[in-house]
Amino acid sequence: MENTLNEKVSQDILLKAYNHMMLAKAMADIYEENRNVCKYVHSTSRGHEAIQLATAYQLKKEDWVSPYYRDESILLGIGFEPYQLMLQLLAKAEDPFSGGRSYYSHPSSRDENMPKIIHQSSATGMQTIPTTGVAQGIKYIQDFNLEQFDNNPVVICSLGDNSVTEGEVSEAFQFAALHQLPIIFLVQDNEWGISVTKDEARTCDAYDFVAGFEGLGRMRVDGTDFVESFEVMKKAVDFVRAERKPLVVCAKTVLIGHHTSGVRREFYRDEEDLTKHRAKDPGEILRNQLLESGTDEELLKQITKKARLAAEEAFERAQKAEDPKPETVMQHIFAPTPITEEVGTREPEGGEKIVMVDAAIHAIQEIMWKHPEALLYGQDVGERIGGVFRETVTLGKKFGSKRVFNTAIQEAYIIGSTTGMSAVGLKPIVEVQFADYIYPG
């Protein structure tokens, strides 16, 4: 997909981005200055701010986004405040994402006025399958007209380039391309995977890697330049919102901070590499662009100063916030369910015994008749054979290929996609032929 950059970014958006960049910088500096307080492992978005903010500014309340652990600038950009992020940093009871249970920048949110966020994992690349499941669910909802939206929802899945080597990422790319899902995979490439360089880890970057996935569009962007990033992400989001097709956006970024607070840059990076990355600081690039366009330097100094003061005040408040109470540790483990006990008669008098596979078919059939949000997919479950054990026979013919369909040999996708599907309100029923296919040992 071509990068035809021709839309002018307004001064208001540029100043908004500069303010958010200065906030992100101030937050990272404060965390570094208070290492004895910020004792839980965390990463910051330093070097990635431009592409993250450019992405966040495109999103609407109908959209879904899965940031990864370096994406605090996405969170700032969609409307979360430094204080809210710091509550998670310090594992406080009022942490809006997990009540003090998850690492920094591991968000989850159902705020009706913001893009929705499913809970994020620390395992690199693992967000791709559940997030693609969200996009799969949205497509199903729109195909069957189960819900009306003011704007077509767009799904964003953010990940680092080195995580593209994970097999689960390829499964997500494959399914999104095959089924033409409304998702953007935002791949941020700072050339490092902890201490592993790109040359040690991969034969090519994500842009070249996805070239073989037919139906998956791709774009490149300088992720340190906010103006270019904003224009590219606007084009990408507008395309997916209108055309309902998947894209990969590969953003070249830099790593200015540490990999994490525990894996520090001085452990493995020399001064030459650090100097190269610092020269592409997104905040400095935007500052110079603003000055060249006639923005008053004093205004930028005031923005920087106010951002630092705001971050300091938020950090002070967060430190004083209440810690979680030990007696709450078992809360929020399972979602509440209206079904708490079995009712009815297991063996009705005069009832006819049937084999288990037939009972399962009847049960699934009843669920699918009753619930239009229910669907069935997996290996060989489609109409052609109806399961290798005939466990879905007749269902494909009765409910059609959009509700009962085959998948590739992708056990991780089959199981993991149900998280995203369920998050958007669907009732996915999935099948893996043999337990050995998901055996972990």
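The numbers here are math on the coordinates, done by the rules we state, and not lab data. Bear in mind that the values here come from a model prediction, so they are computed numbers and not experimental data. So basically every Cβ, Gly included, is an ideal-geometry build from the backbone, and we count neighbours across all protein chains shown.
The ranking of His277, His362, His119 by Cβ neighbour count inside 10 Å, starting from the fewest, reads His362, His119, His277. Considering only beta bridges that DSSP places wholly inside the chain, some 10 percent are antiparallel. Amide H contacts under 5 Å for Val404: Leu376, restricted to partners 5 or more places along the chain or on a different chain, H placed in the peptide plane at 1.01 Å from N.
Relative to the longest principal axis of the Cα atoms of the chain, the long axis of helix 167-179 makes an angle of roughly 70 degrees.
Counted by neighbouring Cβ atoms within 10 Å, the residues Ile364, Ile156, Ile117 run from fewest to most as Ile364, Ile117, Ile156. With respect to the chain, whose longest principal axis is taken over its alpha-carbon atoms, helix 282-292 is tilted by about 50°. For the stretch 1-140, the alpha-carbon radius of gyration amounts to 1.09 times the rule-of-thumb value 2.2 N^0.38 Å expected for a compact globular protein.
When each of Cys157, Cys204, Cys250, Cys38 is scored by the number of other beta-carbon atoms lying within 10 Å, the sequence from fewest to most is Cys204, Cys38, Cys250, Cys157. Sorted from greatest to least, the principal axis extents spanned by the alpha carbons of the stretch 95-242 come out as 47, 41, 33 Å. Among Asn36, Asn113, Asn151, the residue with the largest mean-square fluctuation in a Gaussian network model of the chain, with springs joining Cα atoms closer than 10 Å, is Asn36. Projected onto its three principal axes, the C-alpha set of the chain covers 86, 54, 44 Å, listed from the longest axis down.
Treating r as the C-beta distance of Gln148 and Arg317 and R0 as 35 Å, the FRET efficiency rounds to 0.30.
Summary value for the chain: 19 percent relative contact order, contacts being C-alpha pairs under 8 angstrom separated by 6+ residues. Quick one: plug the Kirkwood hydrodynamic radius of the stretch 292-441 (C-alpha pairs) into Stokes-Einstein at 4 °C, 1.567 mPa s, and report D in µm²/s. In µm²/s, the coefficient is 62.
Need one number: the % of Cα-Cα pairs in the stretch 356-438 sitting beyond the 14 Å mark. For the stretch 356-438, the share of Cα pairs beyond 14 Å comes to 60 percent.
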